[in-house]
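Report on one structure; see the data block that follows.
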Amino acid sequence: HPRVLSGMQPSADSLHLGNYLGALVNWVKVQEDFEAFYFIPDLHAITVPQDPADLTKRTRVAAAQYIAAGIDPQRSTLFVQSHIPEHTQLTWILTCITGMGEASRMTQFKDKSAREGVDASGVGLFTYPMLMAADILLYQPHGVPVGDDQRQHIELTRTLAQRFNHRYGETFVVPVGFYPETGARIYDLQEPTAKMSKSAQSPNGLINILDDPKVTAKRIKSAVTDAGTEIHYDRQNKPGVSNLLDIYAAVTDRSVDDLVTAYEGKMYGHLKVDLAEAVTERLAPIRTRALELLDDPAELDRILALGAEKARSVAAPVLDDVYKKSGFLPLA
Ligand code: ATP
Ligand code: MG
């Protein structure tokens with residue numbers, strides 16, 4: 001089977017519906033046809049300050065949600081980035097073949113460093129793309145399923161793989177990005193023109209997998225809607241209602257058109273009540289399973305240890321090869 005690799009940062013106490021519909025659902029599908037590597041990028045998380053106890057907790061929480069959503073740790077390799085030292089080792093080598101100019105062009109660095117100011121940002125935020133390239137290249141995947149926002153980092157990964165291969169001889173598979181075609185893009189319930197995001201200012205616009213269903217229902221019922229009373233789909237003029245329709249369609253596999261017809265002549269309130277039920281129904285088994293897994297952290301850690309073992313058996317020989325080709329004297 002061809003390989004794929006993907007990950008999402010453990011930067012919140014729960015994943016949200018956007019992470020689930022936009023990424024996890026696809027990962028679960030992909031593992032049918034590919035040998036998949038899914039990891040929790042804790043090393044990436046510390047490119048901005050993290051509370052250590054939170055990071056530990058959120059790493060387990062992320063793993064539990066991957067599994068609860070359908071990632072099968074028997075079939076796919078599920079692991080924590082910091083368990084595999086080869087990621088940091090390869091990062092250094094890739095950092096040394098990256099130009100200052102090309103690193104400086106990464107727009108994610110520009111965006112994220114603009115928040116605090118470049119001088120106040122950690123150097124890790126700058127070298128983040130080289131760590132991401134290492135994450136990918138160590139597993140020789142053919143495809144990397146990521147959001148459109150990662151296009152530039154994937155391009156850099158390809159450039160670095162080709163550069164290394166050219167200078168030192170064929171070593172890395174040059175991967176391609178798998179970008180979602182339609183991409184269930186979910187927006188904030190309170191600010192329906194901004195995407196739902198773990199780092200949102202307020203939690204009120206988020207639908208979190210691990211939240212109590214009552215909290216989720218309440219947030220959906222308080223979602224911002226638009227002027228007028230008619231339920232129809234218009235991203236431009238009715239972003240609130242359109243987002244609710246998109247979410248409804250995504251969690252039930254009904255089409256937006258079908259929903260619009262079904263809600264003709266009904267009020268926003270009807271839509272919200274039904275949507276709250278559909279969402280909580282869809283998330284309930286995932287939440288329950290994730291909480292079960294989190295109840296037994298030792299078992300979860302054991303699953304991750306097995307994943308680390310599998311991951312390392314792939315990553316270590318690749319790094320060995322890179323070290324040899326780089327001319328590092330082998331340890332006698
Ligand atoms: P952060 O605010 O920390 O960047 P995030 O909510 O944007 O968090 P990421 O960890 O950046 O989440 O992304 C994880 C995955 O979830 C990516 O594949 C991304 O494309 C997807 N994703 C994130 N937000 C949404 C959304 N609102 N709709 C659909 N997909 C999303
Ligand atoms: Mg993001």
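The values are calculated or read from the model by the stated rules, or taken from the named source; none is laboratory data. Since we're looking at a predicted model, the values are computed, not measured. Backbone-built Cβ (ideal geometry, glycine too); neighbour counts: all protein chains shown. Areas reflect the complete protein model, heavy atoms only, side chains present, ligands, DNA and RNA absent. Shrake-Rupley method; radii C 1.70, N 1.55, O 1.52, S 1.80 Å.
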(request) Determine the share of the stretch 171-233's accessible area contributed by carbon and sulfur atoms, expressed in whole percent, with a 1.4 angstrom probe. (result) 51 percent
(request) Holding the Cα-Cα limit at 27 Å, pick out from 110/195; 29/198; 29/324 the pairs that are longer than that. (result) 29/324
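So what's the stretch 134-262 giving for Cα Rg divided by 2.2 N^0.38 Å, two decimals?
Details: Rg = 20.1 Å, N = 129, 2.2 N^0.38 = 13.9 Å.
Ratio of Rg to 2.2 N^0.38 Å for the stretch 134-262: 1.44.
Based on the alpha-carbon set only, what is the convex hull volume of the chain divided per residue, in Å³?
148 Å³
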(message) So, R0 is 45 Å and r is the distance between the beta-carbons of residue 75 and residue 114; what FRET efficiency does that work out to, to 0.05?
(response) 0.65
(request) May I ask for the Kirkwood hydrodynamic radius of the stretch 42-121, worked out over all distinct Cα pairs and given in angstroms to one decimal? (result) 15.4 Å
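Given the convex hull over the Cα atoms of the stretch 225-264, what projected area results after averaging over all orientations, in nm²? Can you show the working numbers first?
Details: hull surface 9.9 nm².
Dividing the Cα hull surface by four gives the mean projection, 2.5 nm².
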(request) Within the set of other residues whose C-beta is less than 15 Å from the C-beta of residue 233, count the net charge using Lys and Arg as +1 and Asp and Glu as -1. (result) -2
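Run the accessible area of the stretch 1-157 with a 1.4 Å probe and give the carbon-and-sulfur part as a rounded percent.
On the way: 3340 of 6260 Å².
Percent of accessible area from carbon and sulfur atoms in the stretch 1-157: 53.
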(request) Amide H neighbours of residue 178 under 5 Å, at least 5 residues apart or on other chains, H built in the peptide plane: list them. (result) 144, 146
(request) Would you pull out the residues with amide H under 5 Å of residue 234's amide H, same chain only if 5 or more places away, H placed 1.01 Å from N? (result) 242
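Take every DSSP beta bridge with both residues inside the chain and express the antiparallel ones as a percent of the total, to the nearest 5. Walk me through the numbers before you get to the answer.
On the way: 3 of 16 bridges.
Of all bridge pairs located within the chain, approximately 20 percent are antiparallel.
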(request) Could you pull out every residue, at least 5 positions away or on a different chain, whose amide H is within less than 5 Å of the one on residue 226? Hs are placed 1.01 Å off N in the peptide plane, and Pro or chain starts have none. (result) 241
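For residue 289 and residue 104, FRET efficiency with R0 = 51 Å and r from the beta-carbon atoms, rounded to 0.05? The partial results should precede the final answer.
Details: r = 44 Å, r/R0 = 0.86.
Efficiency for this residue pair is about 0.70.
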(message) Give me the 1.4 Å probe accessible area per residue for the chain, excluding ligands and nucleic acids, in Å².
(response) 49 Å²
(request) State, to one decimal in nm, how far the label point of residue 316 lies from the label point of residue 273, with both points 7 Å from Cα in the Cβ direction. (result) 6.0 nm
